[in-house]
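S.K.: Take this structure first; my questions come after.
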Amino acid sequence: MMKREELLQCKMKIKALEQILEKDYNSINLYKYRQANDRFNNLKSTIFDLKLLELRINRKF
């Protein structure tokens, strides 16, 4: 059987690994959020440009 000290060390290592995994998970979510937000902002910009183009075209006709 493992000694009590070894069990405590294992428990501490497992806790540290859980914290590392949680940080990685949060950073992945943040990265995905930023990507989605960038795509959304690009889409808004494109829509705005298209509206301006439509106004220019309508003025010419």
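The values are calculated or read from the model by the stated rules, or taken from the named source; none is laboratory data. This structure is a prediction, so every number in the text was calculated from the model and none was measured. Here Cβ is always computed from backbone atoms with ideal geometry, including for glycine, and neighbour counts include all displayed protein chains.
S.K.: What's the number of the only condition in (1) surrounded by 10 or more Cβ atoms within 10 Å (Cβ to Cβ); (2) at pLDDT below 85 that A36 fails to meet?
M.R.: (2)
S.K.: Residue by residue through the range 2-13, note down the ones that are of a type outside the set (K, R) and surrounded by 10 or more Cβ atoms within 10 Å (Cβ to Cβ).
M.R.: E6, L7, L8, Q9, C10, M12
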